[in-house]
1. Can you sort 17, 58, 98 so the residue with the fewest Cβ neighbours within 10 Å comes first?
2. Can you give the extra length, in nm with one decimal, that the chain gains between residue 15 and residue 61 once fully stretched, where that is 0.36 nm per residue apart less the Cα-Cα distance?
3. If we count other beta carbons within 10 Å of each Cβ, what is the order of 47, 74, fewest first?
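Quick note: the coordinates plus some simple rules give every number you see, no bench work behind them. Keep in mind that what you see is a predicted model, and the values were worked out from it rather than measured. Don't worry about glycine lacking a Cβ; one is built from the backbone with ideal geometry, like all the others, and counts go over all protein chains shown.
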């Protein structure tokens with residue numbers, strides 16, 4: 001998690017959600033471009049959705065809902081019925097990022113209560 005970068009986009013997930021982060025793995029041999037440990041939002045139903053860990057600048061589990069800030073993701077609106085976010089900049093040096101990192105993140109509308117861009121409500125209703 002890159003807590004030095006400000007949150008450009010903040011996603012408030014629905015009630016009953018929380019954020020889980022995998023523990024860092026330290027192999028015996030150096031691994032280049034493996035990327036950071038995984039970050040997931042888990043919902044009351046047990047469903048677990050991965051998030052782009054290298055983009056996360058803040059994580060809160062407050063009032064029974066997860067709130068995640070992304071430093072280099074932009075909310076692009078709804079495409080094909082899903083909320084769509086695009087990577088607009090990387091927050092970490094290239095050698096610390098996975099070459100398999102996604103350029104686009106989609107979330108189902110029923111997973112998200114609200115989306116904020118640069119502090120302004122862009123979609124939904126805040127929790």
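1. Numbers: 17 24, 58 16, 98 13.
Ascending number of Cβ neighbours within 10 Å: 98, 58, 17.
2. Extra length available between residue 15 and residue 61 comes to 15.5 nm.
3. Ordered by Cβ neighbours within 10 Å, fewest first: 47, 74.
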